[in-house]
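Here is the structure we will look at.
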Amino acid sequence: MNKRIILFSFAFLAAVFYVNAQSGFGIKAGLSYNSNGKLLDEAGTIIDNKGSGKAGYNLGIYDQFDFGPIYIRPELVYTKTTSEYLLNTGGTADYKIARLDMPVLVGLKLIGPLNIFAGPAFQYILENDFKGIKADNIKNDFTVGINIGVSIELGRLGLDARYERGLSSNEASWTKAGNIFTLDARPEQIIFSLSYQLSKKK
């Protein structure tokens, strides 16, 4: 899929969110603790069973549409994550991913300010880098994951904690010194976010 078309689609969705600010349009930012899957050599030997998690961050916008105790919350988020891998040489290397995420969450208001939510997250990878090597042969730029979490609303301020897992099988591959390596690019992370509602709900 053409990158310009996807980027235009995300920009269009951002404009739609803003135009429909009569619900609960706002901004959000947060930190994450994440990891990816197995790192393999060309023989299929596991070099590192799973990358060690490192801190990442996210910045974005959201819109929330309330239907009684149920709400729908689409988000548009820029996410940067890093995982550390142990190499068969004994050293370590970081795998860095930058992407655009569009979670579409369905939430349920429980007691007072407490909510629970879940929904798919459509993910478009902008950049991925492993120890200075651009893993251009990543299988899919566009993938799908899932978000599950809880949130608290305190007036215009919101706090949420969520678990995210990539569902689409996805690998990055590259060649170094004649050896072929593959890396599971699916994210798995815990995300903590702070949001602020810019528009009042009508």
Leading residue by the ranking (surrounded by the most Cβ atoms within 10 Å (Cβ to Cβ)) among those in region 74-87 that are in a strand (DSSP E or B) and modelled with pLDDT under 85: SER83
Sole exception among (1) under 20 Å from THR143 (Cα atoms); (2) modelled with pLDDT of 90 or more for TYR71, by number: (1)
Hits in region 150-185 (condition: within 23 Å of LEU100 (Cα to Cα), modelled with pLDDT under 75 and not in a strand (DSSP E or B)): SER168, SER169, ASN170, ALA185
Flag if ILE138 is surrounded by 15 or more Cβ atoms within 10 Å (Cβ to Cβ), modelled with pLDDT of 80 or more and within 27 Å of LEU87 (Cα to Cα): no
Residue selected from region 111-135 under the condition at pLDDT below 85 and exposed (fewer than 14 other Cβ atoms within 10 Å of the Cβ), by the criterion nearest to PRO69 (Cα to Cα): GLU127
Positions within region 94-134 being in a strand (DSSP E or B) and of a type in the set (Lys, Arg), in sequence order: LYS96, ARG99, LYS109, LYS134
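The values are calculated or read from the model by the stated rules, or taken from the named source; none is laboratory data. Bear in mind that the values here come from a model prediction, so they are computed numbers and not experimental data. Don't worry about glycine lacking a Cβ; one is built from the backbone with ideal geometry, like all the others, and counts go over all protein chains shown.
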